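The values are calculated or read from the model by the stated rules, or taken from the named source; none is laboratory data. As the structure is a prediction and not an experimental result, all values here were calculated from the model. Glycine also receives a Cβ, built like all others from the backbone with ideal geometry; neighbour counts cover every protein chain displayed. Areas reflect the complete protein model, heavy atoms only, side chains present, ligands, DNA and RNA absent. Shrake-Rupley method; radii C 1.70, N 1.55, O 1.52, S 1.80 Å.
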Amino acid sequence: MRKEDCFYLGKIAKKFSFKGEVLAYLDTDEPELYENLESVFVECNKHLVPFFIESSSLHKNDFLRVRFEDVNNEEEADAIIGNDLYLPIKMLPKLSGNKFYFHEVIGFEVEDKRLGYVGEIQSINDTTAQPLFEVLKDDIEILIPMIDHFLVKIDRENKKVLMDLPEGLIEMYL
């Protein structure tokens with residue numbers, strides 16, 4: 001499995017028991033969706049390795065207590081602490097309406113109600129307090145805040161994000 005075909009689920013945070021159980025931090029708003037997984041991919045030395053799950057249960061909201069097959073003691077658990085967890089993209093729940101996954105809108109055109117075509121989404125910067133669409137128009141990078149109030153419609157069929165942007169936001173880049 002290639003990393004490009006997967007989404008980041010979380011990270012193995014710490015040991016839970018001397019029998020090899022670990023606590024995995026789940027980077028999701030709905031951890032309960034991942035409580036009964038059969039397997040996950042664990043990133044080991046930049047490769048995704050399938051790990052089969054013997055048992056798992058939610059632990060303190062954002063954590064999943066996991067017992068992997070073939071991880072039977074503290075030393076074996078230590079070897080995977082800090083490793084990232086991934087699942088195939090096809091396992092993401094489908095979103096509808098104006099909800100979207102960041103990876104899903106890369107390559108979509110941004111269209112403003114007032115200005116028309118703005119550019120193409122190259123990536124999403126979520127390292128700031130407010131996530132930003134990084135949009136390319138000709139050779140100019142335009143940063144657009146991902147604010148629900150600005151978002152009119154996600155048109156998956158035509159690969160467009162329709163927005164109602166405040167006057168001056170786009171113009172300051174051009």
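Can you name the number of the only condition in (1) assigned to a strand (DSSP E or B); (2) open to solvent by less than 30 Å² (accessible area, probe 1.4 Å) that Val71 fails?
Among (1) assigned to a strand (DSSP E or B); (2) open to solvent by less than 30 Å² (accessible area, probe 1.4 Å), Val71 violates only (1).
Which residue pairs have Cβ atoms closer than 7 Å, lie 6 or more positions apart in sequence or on different chains, and pair a first residue in the stretch 25-43 that is within 11 Å of Ser56 (Cα to Cα) with a second residue that is modelled with pLDDT of 90 or more and open to solvent by 90 Å² or more (accessible area, probe 1.4 Å)?
Partner pairs satisfying both residue conditions: Glu38/Phe52; Ser39/Phe52.
Count, please, the residues in the stretch 145-160 that happen to be within 19 Å of the chain's Cα centre (by Cα) and open to solvent by less than 40 Å² (accessible area, probe 1.4 Å).
So the count comes out to 3.
So which residues in the stretch 2-38 are open to solvent by 80 Å² or more (accessible area, probe 1.4 Å), part of a loop (DSSP other than H, G, I, E, B) and either among the acidic types (Asp, Glu) or closer than 19 Å to Glu104 by Cα (or both)?
Arg2, Asp27, Asp29, Glu30, Glu38
Which numbered condition trips up Ile80, out of (1) outside any strand (DSSP E or B); (2) surrounded by 13 or more Cβ atoms within 10 Å (Cβ to Cβ); (3) free of Cβ contacts under 8 Å to residues at least 40 places away in the same chain?
Every condition holds for Ile80 apart from (3).
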